Amino acid sequence: MSETVEHEHIVSVLVCNKPGVLRRVANLFARRGFNISSISVGEAKDPGLSRLTIVVRGNDRIIEQIEKQLYKVIEVVKVSPIAPSPEKRVEREMALIKVQIDEKTKLEILQLVEIFRGKIIDVAKDGMIVEITGARSKVEAFIKLVESSGKIVEIARTGIVAMNRWNLSKKEA
Amino acid sequence: MLFEAFKRERVEKIFGIPGGAIIHVYDELCSYENEMDFFLFRHEQGATHAADGYARSTGKPGVVLVTSGPGATNTVTGIATAYMDSVPLVVITGQVSTSAIGTDAFQEVDITGVSMPITKHNHLVTSVEELPQVLKEAFHIATTGRPGPVLIDLPKSLQTAEGEFRYPRKLEIPGYKPTLVGHPRQIKRAVELLKNSKKPLVIAGGGVNLSGTAHLLNQFLDKFGIPVVNTLMGHGLNPQDERLYLGGIGMHGSYYGNYAVVNADLIVALGVRFSDRITGDPKRFAPNAKIVHVDVDPAEIGKNVQVDVPVVGDLKNVLEEFLKFDFEADYSEWIEELQKVKESHPLTYEKHEKFIKPQHVVEAASRYFPPDTVVAADVGQNQMWVAQFYRFRNPRSFLCSGGLGTMGYALPAGIGAKIGNPHKEVLVIAGDGGFQMNIQELMTINRYKLPVKVIVLDNSALGMVRQWQQLFFGCRYSATVLNDNPDFAKIAEDVGIKALRIRRPDDVEGAIDVLVHSKEPMLIHALVDPRENVIPMVPPGGDIGQPLLSAPYDKEILQKTRGEQDE
Ligand SMILES: Cc1ncc(C[n+]2csc(CCOP(=O)(O)OP(=O)(O)O)c2C)c(N)n1
């Protein structure tokens, strides 16, 4: 186990849908000094259950602790680590980007949206809102490029959701 | 409804203080007078520590009943104390009515929020219908797996609401399934290591007391002839072969206990969490040993030290499995070696002709009190002297706040222990500082005429901090001198408790003899030598193999604390 190398790690956590669960999980991370880079929450397959996807930074020992400590929260039903390698997992994040435009930058941004297969979901005379979905690296690359052409006013990101690919998750189950 | 659930859970004793947001529950209590005993304390912290002392000494969950707001927040230190030492409590707090929640109503506090990091679980009840299930879960979660406190916040409006009481027989909590059975392959690996070891050592932790497995562990030690040490929470072992027992380890452990850890080639750690007070510098902890770690909480394994063989499971199951193995092992050379170190570096103290040594009091109490006595120590030097000089031979017989180090713990915890063990002697040993933190509970002793025995070791100082200031801060005694202590014997007598005040070494044995034989509650106020330090001491973060073996007296302390001259 590596004590020193920090890396980013995704855990998928199935929880009972009870009041205060999110707070408990957030509390746990704060209390143990774990760093969350992103967290997303939504309903899971079964009624009464929700799935949290949490991205954390830490060395192997810390990641192991995070998984074990999560299990100690009574409402946590299952903690599934997501494979670190992109070949073994799928990951998606969505971002809405509100950007100022003028005649010149408009074209550049439209081009970027096309290359990145984003969507324009709102347009006005001097601004628009763009939707972009993909792995986080893609979302980030897109934001960087947009930034260099126009003035970004606001960004809203969902945080990552992720799953292990079919073969891996079957073996796991 | 609450009390119907308590009945099903065989709750016999309840600890608490009433108030506006729990008044309906207290009203109902009157109808259950014949079925359970209620004990009124003078402070909710006292009630909570008492429930904790009851739980630690009996193994049954301690039940606390308090009001909202300040009643609830007053339990916080008690809950945190129980949480750190894995003690099963069920704390019921009143809450303002459902409709008032969130309005900053009178005595409203978000106690589930406050207590989240110091409870194993907590819950704000939102309907009468869920109450039976919630209560059943509370007792189940508090007492199973790694035990711990559970808090249930019960709004006033639900205390009077009518509902059908159907107590669930079985529980299905999707996210809660403690692993109790140790993995056979890991157990086998551990046994293989034992077979090949020349210098094995068992470290027994609080888990041995919590799981009620000291008798199994004693058997295991005697069967294979393995030496054993314990953490502060693991006292109470009694292998037939006394040579196998090497005392406590850690910051104030015996030299030979820590020597055993440093020189062992195999450590079998049972129900320990490798706290920093035990390991010192974790890198220099047991440098030559492979480590087998057995614990019911998987999160403890690998948390503080690297482990070679992890075994997740209940000690009862794992020790039973260990005992099934048979192999010839001969660790006699190792035992011999340890015996020699024990003889060359014993735990001792020097008596003084004028001043009582606190260790003398503890060691005399250990001789005079019956072997099944439950001792509750407070926090500080007194706690360490009890750990060093009181020989505990029974499980659940030494109560102290190990993880949180809560001053003021001993007196109420001792009361709780007496309530749970009316036929055993209960001895409270506290320092003058900590004793004053819950001194109001002397009233509780008198109210219920509980024959608790109390010794206050008065060194006119916040002794442990004073010791650190002497050793690490160049004798600058910042805010640690208590030269204005009251006469605790007079206070006790005023409350209605028999008391003696002693200051000469010759008085020690006589006073303790009276204390043991007293049928009533009794207190001894012992004025002890303020200069005394707890030795050996491993400086924080240090190497447990290299403790300080002596600490000279600071000549100024007598003057500062008692206004007396050093000879
Ligand atoms: C509630 C609380 N406050 C402060 C401390 C810090 N502390 C640890 S030991 C100690 C001194 C204890 O003095 P005393 O109770 O007289 O016992 P002694 O060490 O002299 O035996 C203090 C202040 C603590 N452990 N708990």
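At a glance:
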read-out: R0 of 22 Å, Cβ-Cβ distance A:Asn27-A:Arg57: FRET efficiency to nearest 0.05; value: 0.75
read-out: Gap separating the Cα centres of segment B:463-515 and segment A:13-72, nearest whole Å; value: 49 Å
read-out: Gained length - B:Glu336 relative to B:Arg169, 0.36 nm times residue gap less alpha-carbon distance; value: 54.7 nm
read-out: Cα-centre dipole for chain B with unit charges at Cβ (Lys and Arg positive, Asp and Glu negative), debye to 20; value: 740 debye
read-out: Backbone N within segment B:251-279 under 11 Å of label point (7 Å from B:His345 Cα along the Cβ vector); value: B:253-263
read-out: Cα gyration tensor shape of chain B, rounded if a/c is under 1.5, else prolate or oblate by comparing a/b with b/c; value: oblate
read-out: Distance in nm between pseudo-label sites at B:Val514 and B:Glu12 (7 Å out along the Cβ direction from Cα); value: 3.3 nm
read-out: Label-point separation, B:Ser127 to A:Ile120 (7 Å along Cα→Cβ), nm; value: 5.0 nm
read-out: Reachable aspartates and glutamates from B:Lys195, criterion Cα separation under 18 angstrom, eight or more residues apart if same chain; value: B:Asp222, B:Asp265, B:Asp308, B:Glu320, B:Glu321, B:Asp326, B:Glu328, B:Asp330, B:Glu333
read-out: Viscosity 1.002 mPa s, 20 °C: Kirkwood-radius Stokes-Einstein D of segment A:7-82 over Cα pairs, µm²/s; value: 175 µm²/s
read-out: Among A:Val13, B:Gly71, B:Thr179 - extreme Cα towards positive end, dipole of the protein assembly as shown, charges at beta-carbon; value: A:Val13
read-out: Calculated FRET value between B:Asn446 and B:Met36, using beta carbons and R₀ = 25 Å, to 0.05; value: 0.70
read-out: Gyration tensor (alpha-carbon) shape descriptor, the protein assembly as shown, a/c threshold 1.5; value: prolate
read-out: Paramagnetic reach from B:His352 in segment B:457-483 [backbone N under 13 Å; point 7 Å along Cα→Cβ]; value: B:458-461
read-out: Electrostatic dipole magnitude of the protein assembly as shown [Cβ: Lys, Arg +1; Asp, Glu -1; Cα centre; debye, to 20]; value: 1480 debye
read-out: Dipole of chain A, positive end: most advanced residue of A:Thr158, A:Ser148, A:Ala26 [Cβ charges, Cα centre]; value: A:Ala26
read-out: Only Lys, Arg (+1) and Asp, Glu (-1) charged, at Cβ; segment A:89-161 dipole about Cα centre in debye; value: 240 debye
read-out: At R0 = 25 Å, FRET efficiency that the Cβ-Cβ distance of A:Cys16 and A:Ala135 yields, to 0.05; value: 0.25
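Rule-based calculations on the coordinates, nothing more; no lab input. Since the structure is predicted, the reported quantities are computational estimates derived from the model, not experimental observations. Note that each Cβ is placed from the backbone with ideal geometry, even for glycine, and that neighbours are counted across all protein chains shown.
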